[in-house]
Amino acid sequence: MRAGIAAEFADADTLLVAIQKLRERGLKMDAYTPHPMLELEDVLGLGRSRINWMVFPLAIGGAIFAFLLQSWCNAVDYPINIGGRTLYAWVTNIPITFETGILATGLSAIFILFVVLGFPSLTHPLFKVDGFERASVDRFWLTVQGEIDPAELMRLGALRAVPFGVAP
Amino acid sequence: MGEPVFIGNPSDEALSDQLLDPIFGPKSKTWRVVFLISGIGTLMLFGLILFTFYVGIGVWGVNIPVGWAFAITNFVWWIGIGHAGTFISAILLLFEQKWRTSINRFAEAMTLFAVTQAALFPLIHLGRPWFAYWLVPYPATMRVWPNFKSALPWDVAAVSTYFTVSLLFWYIGLLPDLATARDRAPTRIQRVLYGIFALGWRGSARHQRHYRMVYGLFAGIATPLVLSVHSVVSSDFAITILPGWHSTIFPPYFVAGAIFSGFCMVATLMIPIRRVYRLQSVITARHVENVAKLILATGLIVTYSYFCEYYLAWYSGDQYELDNLIHALARGPNAWTFWYTIGANVLLVQTFWSKRVRTNELVIWVITIFINIGMWTERFSIIALSLQQDFLPSSWGAFHPSPVDWGITFGTGFFFVFLFFLFLRFIPFVPLSEVKELKHHLNPREHH
């Protein structure tokens, strides 16, 4: 899974053209760029992330939990009579219900993101590749997993193409 | 469109190094001096807080009838300042305002540190802060639960959610830049530390799509959140029956004031920072002018809210509401805070109609400081002046701040600056990857 060829490109356009030429071949590719590039996700054929649908039930669940908790505490378990006001006023539960729903959204979104991305992943075979540290500065990297010759990537304009994640 | 939001066309490497220089370059003398002074001020703050805990809140100027004064004023003021950070990072993101890019990171940091200051006050004003957990529903041996019909538990939920969500939003926004810092770090120890906080970010396109979704989700939830927080804070006042507090206009009025004061603080911080760190090509005159325009726009909403509130006081036909305005606010003890508020937030802000003012950084800086103080006096006049003179003249009183009040108030200013200077030194405060994206957007020819 974590082995293949890593190739460095000097600019984004060469990288995009290279990916377009390779995409017919059914290779598993990923690109590493110093700034977000929407075009990359198109040429790599990555769809829209579905994390939002995983977060949604948890967000609603958090809100429902907060609403029920408040109702149960103040109306069922220990009703407090304050100046003869109604014991169960659901309207006053709304602010905390809303805030807890937001909190549940934020916490579950981060948690799911980290699970999906495998974070924290402080060690990764790519970090051992010479020059990969410039992927966060000004270079564009491509990884290809599958049947490919590094020389072919060089012909597509790569500055270098090296294997990564090779078993010792 | 006016001035550009990004000047020049440096290489990505030069741009990275320019934006990382504040954290990897030598510490400047200014930084050391400010850091030292604010550190001493922070120690003073914590000393005074300990003193308050040890003796009790009698060391403050609070009394009967003015039980809420500086602490709650500071709470509302600081949390209001936080709002502009979220506004810039979330609302302007949803509206795809490209100019927000260079200033959103430090505006978010400002939010975080302002909310930190704000969160101190509900705790220390309790008098018995070690019982603060009573506001949280936990299965107590007494079997009693918090009263959720009160606005105070709402406050706990709103402020703690706001802090948590702001922190997470800020942190996930930081990941790509922490990775750049890791990859450019000059020493091994810095490389390891930034590496740990970067969590292994590689800028992978497969990661980016999930990352962008979550970042967008955060912007989506932070937008209603920021509107809710000050609405909940205003409910602390609005759901009471005190004249001057009991008003349905409070939630939108407080939110407008919060964003107004927040943008003033953004300008107060941004103008010196871009000069000291020579970032005029990234944080351009356009940014300064846009912030000035937003200050004017929100200032007009605030002005409208003031007059709406005064009008409602009269139109309600309630003698106490009207007396609150014409006696308690306009002529009572400490009435100068009310008149200063009008002078700064209603009159002084009108100078921003002039393009000459909006393009003169020094003038903007001075005006925003006056307005920052004006927003503080606004909250003070709402809180303390209304409490001083409520229904029965026999129970009227006056508030006189004690030196501890002043010390804690200025102490939070020092603590804020202290945290902010730590941030400027250790965290890339202009978002590198987003500025690069913006640069490539503006200079597409660079893609050969």
Could you tell me which residue of segment A:40-58 is farthest from B:Glu13 (Cα to Cα), considering only residues that are in contact (Cβ under 8 Å) with a residue 24 or more places away in the chain and more than 8 Å from chain B (Cβ to nearest Cβ)? A:Leu58
Enumeration of residues in segment B:142-193 that are out of contact with any helix residue (DSSP H, G or I) (no Cβ under 8 Å at 6 or more places or on another chain), in a loop (DSSP other than H, G, I, E, B) and not hydrophobic (A, V, I, L, M, F, W, C): B:Ser150, B:Thr187
Among the residues of segment A:69-93, how many are polar (S, T, N, Q), in contact with a Lys or Arg (Cβ under 8 Å, 6 or more places away or on another chain) and farther than 20 Å from B:Ala140 by Cβ? 1
What are the residues in segment A:101-112 that are among the small types (Gly, Ala, Ser) and either more than 7 Å from chain B (Cβ to nearest Cβ) or closer than 16 Å to A:Phe65 by Cα (or both), if any? A:Gly101, A:Ala104, A:Gly106, A:Ser108
Based on what the data block shows, is B:Ala179 more than 9 Å from chain A (Cβ to nearest Cβ), over 25 Å from A:Asn93 (Cβ atoms), out of contact with any strand residue (DSSP E or B) (no Cβ under 7 Å at 6 or more places or on another chain) and buried (at least 19 other Cβ atoms within 10 Å of the Cβ)? no
How many of the residues making up segment B:56-100 are buried (at least 18 other Cβ atoms within 10 Å of the Cβ), modelled with pLDDT under 90 and of a type in the set (S, T, N, Q)? 2
Got a number for residues in segment B:28-42 being under 22 Å from the mean Cα position of the chain (by Cα) and either of a type in the set (Val, Ile, Thr) or modelled with pLDDT of 95 or more (or both)? 6
Selection from segment B:399-439 of residues that are over 17 Å from B:Val266 (Cβ atoms), more than 14 Å from chain A (Cβ to nearest Cβ), in a helix (DSSP H, G or I) and small (Gly, Ala, Ser): B:Gly407, B:Gly411
Would you check if B:Phe370 is surrounded by fewer than 20 Cβ atoms within 10 Å (Cβ to Cβ) and within 18 Å of the chain's Cα centre (by Cα)? yes
Candidate set from segment A:131-151 (those that are touching a strand residue (DSSP E or B) at 6+ places or on another chain (Cβ under 7 Å) and assigned to a loop (DSSP other than H, G, I, E, B)); member that is nearest to the other protein chains (Cβ to nearest Cβ): A:Arg139
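Condition check ((1) facing chain B (nearest Cβ under 7 Å); (2) modelled with pLDDT under 85) across all residues:
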| residue | (1), (2) |
| --- | --- |
| A:Asp13 | yes, no |
| A:Ala18 | no, no |
| A:Glu24 | no, yes |
| A:Pro36 | yes, no |
| A:Gly62 | no, no |
| A:Pro79 | no, no |
| A:Gly84 | no, no |
| A:Thr92 | yes, no |
| A:Glu99 | yes, no |
If you go through segment B:205-227 one residue at a time, do you hit one that is in a loop (DSSP other than H, G, I, E, B) and either under 21 Å from A:Phe140 (Cα atoms) or facing chain A (nearest Cβ under 7 Å) (or both)? no
Filter segment A:155-168 down to the residues that are more than 11 Å from chain B (Cβ to nearest Cβ) and either free of Cβ contacts under 8 Å to residues at least 60 places away in the same chain or part of a loop (DSSP other than H, G, I, E, B) (or both), then identify the one that is nearest to A:Val17 (Cα to Cα). A:Leu156
For segment B:243-348, list the helices (runs of 4 or more DSSP H) that sit wholly inside it and hold at least 1 residues that are touching a Cys at 6+ places or on another chain (Cβ under 9 Å); which are they? B:250-276, B:285-315
Which numbered condition B:Asn104 fails, given (1) of a type in the set (S, T, N, Q); (2) assigned to a helix (DSSP H, G or I); (3) within 9 Å of another protein chain (Cβ to nearest Cβ): (3)
Go through (1) buried (at least 18 other Cβ atoms within 10 Å of the Cβ); (2) over 22 Å from the mean Cα position of the chain (by Cα); (3) not in a helix (DSSP H, G or I) for A:Thr97 and report which single condition fails. (3)
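The rows are residues; the columns are (1) facing another protein chain (nearest Cβ under 10 Å); (2) more than 27 Å from B:Phe237 (Cα to Cα); (3) among the hydrophobic types (A, V, I, L, M, F, W, C); (4) touching a Leu at 6+ places or on another chain (Cβ under 7 Å).
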| residue | (1), (2), (3), (4) |
| --- | --- |
| B:Thr86 | no, no, no, no |
| B:Arg100 | no, yes, no, yes |
| B:His125 | no, no, no, no |
| B:Asp155 | yes, no, no, no |
Over segment A:64-77, the set of residues modelled with pLDDT under 90 and either more than 7 Å from chain B (Cβ to nearest Cβ) or in contact with a Cys (Cβ under 7 Å, 6 or more places away or on another chain) (or both) is A:Ala75
Inspect all residues belonging to segment B:384-398 and state whether any of them is within 14 Å of chain A (Cβ to nearest Cβ), buried (at least 21 other Cβ atoms within 10 Å of the Cβ) and part of a loop (DSSP other than H, G, I, E, B). no
Filter result for B:Gly200 (at the interface with chain A (Cβ under 9 Å from one of its Cβ atoms) and either part of a helix (DSSP H, G or I) or modelled with pLDDT of 95 or more (or both)): no
Can you work out which of the residues in segment B:232-246 that are surrounded by fewer than 22 Cβ atoms within 10 Å (Cβ to Cβ) and of a type in the set (Ser, Thr, Tyr) is farthest from the other protein chains (Cβ to nearest Cβ)? B:Thr240
B:Leu20: passes all of (1) outside any loop (DSSP other than H, G, I, E, B); (2) away from chain A (no Cβ under 14 Å) but (2)
Could you grab me the full set of residues in segment B:128-174 that are within 27 Å of the chain's Cα centre (by Cα), small (Gly, Ala, Ser) and surrounded by fewer than 14 Cβ atoms within 10 Å (Cβ to Cβ)? B:Ala132
Mind checking which residues of segment B:365-419 are over 24 Å from B:Phe46 (Cα atoms) and acidic (Asp, Glu)? B:Glu378, B:Asp390
Restricting segment B:182-191 to residues that are in contact (Cβ under 8 Å) with a residue 12 or more places away in the chain and farther than 13 Å from B:Leu19 by Cβ, the one nearest to the other protein chains (Cβ to nearest Cβ) turns out to be B:Arg182
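The values are calculated or read from the model by the stated rules, or taken from the named source; none is laboratory data. In this text, all values refer to a predicted model and were calculated from it rather than measured experimentally. Glycine gets a Cβ as well: all are built from the backbone with ideal geometry, and neighbour counts include every protein chain shown.
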